[in-house]
Amino acid sequence: MSGTSVDAIDSALVRFGDDGLELIATHEHIIPPEIKTQIAAISHAGDNEIERLGVLDRELGLLFAKATMQLLESANTPPQQVRAIGSHGQTIRHRPPSSASSPSKSFSLQVGDPNTIAENTGVTTVADFRRRDIASGGEGAPLAPGFHAVAFARPNVIRAIINIGGIANATLLVGTDLRMGFDTGPGNTLLDLWILGTRAEPYDCNGQWGATGQVNTVLLNKLLFHPYFKKGGPRSTGKEDFNLPWLEHNLVTMEEIAPEDVQATLVEFTCTSITRAIEQSLIAVSEVYVCGGGAHNTHLMERLQSQLAPATVQSTAAIGIEPDWVEAATFAWLAKQTLEGLPGNSSVVTGAAGLRVLGGIYPGTAWK
């Protein structure tokens, strides 16, 4: 999994059995700066896009293959013992039906050539999970709620699983029933972009800098006026909606705000958009579990707990999976679903016409 934040490739080796799942090993693989630059550039309209897209697709395929092999080496597991790789790829454009001018113009595009992954690992690779859901009228995202239900749903408990990556998404579980799932809005993306631009730091460690600032309520309300928050039903979003130029456009019309106050406001923006989305669902959540990089932002977690009280807020480590590896495990599960001819989406989450088997299968090398 390489997410909106483009901070690293997260790989997880997962065993599925009748008694549940076992997270055997994990590996974080650094994305070289030049590749990050290419990803940022191709995510927006520009010259020579097809050429740049083709090159990046292959380069990321090789990088994902390398990450896989290093994971297997660390786990002392030969590729022959792996049934499949589930590769999300790197999203470079996401235009779901809820934001496209017409259903026929909706699409989601990920790069990281699965042919290259299969060829360089020898392992059957499953990829391109989002487009079948979009073809059936769905948003193509989020896809994690199905896995959240398998891994975290429990009888007689009402839980929310919140993934705070670059974009944040919520899964609402009522007992063992997957009731709702949707993108809530920005997660870490604006926080990371702001501190990178003002302090040349890739992220706000533990939220320490943001905790020194004061929330600017005028700016917060301007950000919360984004039209995405007026959408109901299945919805998804991305950096096409929430990005640095959009933030700067909102800032330019205001009196100068101290950088740390902007950071504090962005933390509140993420937490408020999550809280409002849960409240609007009218589901009385009693337990909230956070995964993704946002689980490590102490200040963000404290603000989320304050806003969501009396519900408890913890990381998913409290219910069995460390927060950094939930998404990688999600795509292992999606690959398993595909190989077994089982659906990976949920109509109540994406709005698709029905349950669909997601992804394409790229066979591995015939081992001798």
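The values are calculated or read from the model by the stated rules, or taken from the named source; none is laboratory data. As the structure is a computational prediction, the values presented were derived from the model and not from experiment. Glycine gets a Cβ as well: all are built from the backbone with ideal geometry, and neighbour counts include every protein chain shown.
Brief remarks on what is shown
- When region 45-91 is filtered for residues that are within 23 Å of the chain's Cα centre (by Cα), farther than 17 Å from F331 by Cα and among the small types (G, A, S), only A45 remains.
- Selection from region 43-73 of residues that are over 16 Å from G86 (Cα atoms) and either in contact (Cβ under 8 Å) with a residue 60 or more places away in the chain or surrounded by fewer than 12 Cβ atoms within 10 Å (Cβ to Cβ) (or both): S43, A45, G46, D47, N48, I50, E51
- Unique residue being in contact (Cβ under 8 Å) with a residue 12 or more places away in the chain, in a helix (DSSP H, G or I), surrounded by fewer than 22 Cβ atoms within 10 Å (Cβ to Cβ) and of a type in the set (A, V, I, L, M, F, W, C) when the list is V357, V326, V267, V348: V348
- Options R15, R95; residue that is at pLDDT 90 or above, among the basic types (K, R), under 30 Å from K231 (Cα atoms) and in the same structural domain as D133 (by TED's automatic domain parsing): R95
- Here R356 meets each of (1) at positive phi; (2) touching a Lys or Arg at 6+ places or on another chain (Cβ under 6 Å) with one exception, condition (1).
- Just one of the listed residues (V285, V290, V252) is touching a residue at least 24 places away in the same chain (Cβ under 8 Å) and over 17 Å from the mean Cα position of the chain (by Cα), namely V285.
Residue-wise test of (1) among the hydrophobic types (A, V, I, L, M, F, W, C); (2) farther than 17 Å from D7 by Cα; (3) part of a loop (DSSP other than H, G, I, E, B).
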| position | (1), (2), (3) |
| --- | --- |
| E51 | no, yes, no |
| R58 | no, yes, no |
| A67 | yes, no, no |
| T77 | no, yes, yes |
| G86 | no, yes, no |
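- Qualifying positions in region 236-250 - among the aliphatic types (A, V, I, L, M) and surrounded by fewer than 17 Cβ atoms within 10 Å (Cβ to Cβ): L244
- Set S99, S104, S108: member being under 23 Å from K336 (Cβ atoms) and hydroxyl-bearing (S, T, Y): S108
- Failed condition for S306, given (1) out of contact with any Leu (no Cβ under 6 Å at 6 or more places or on another chain); (2) closer than 27 Å to F147 by Cβ; (3) in a helix (DSSP H, G or I): (2)
- Against the conditions (1) of a type in the set (A, V, I, L, M, F, W, C); (2) crowded, with 22+ Cβ neighbours inside 10 Å; (3) in a loop (DSSP other than H, G, I, E, B), L342 satisfies every one except (2).
- Region 277-296, residues that are surrounded by fewer than 18 Cβ atoms within 10 Å (Cβ to Cβ) and in a helix (DSSP H, G or I): E279, Q280
- The number of residues in region 155-203 being hydroxyl-bearing (S, T, Y), crowded, with 17+ Cβ neighbours inside 10 Å and either closer than 27 Å to H249 by Cβ or modelled with pLDDT under 95 (or both) comes to 3.
- Checking S286, S315, S281, S347 one by one, the residue that is among the polar types (S, T, N, Q) and outside the structural domain of A153 (by TED's automatic domain parsing) is S347 and no other.
- Condition check for T125: modelled with pLDDT of 95 or more and either crowded, with 24+ Cβ neighbours inside 10 Å or polar (S, T, N, Q) (or both): yes
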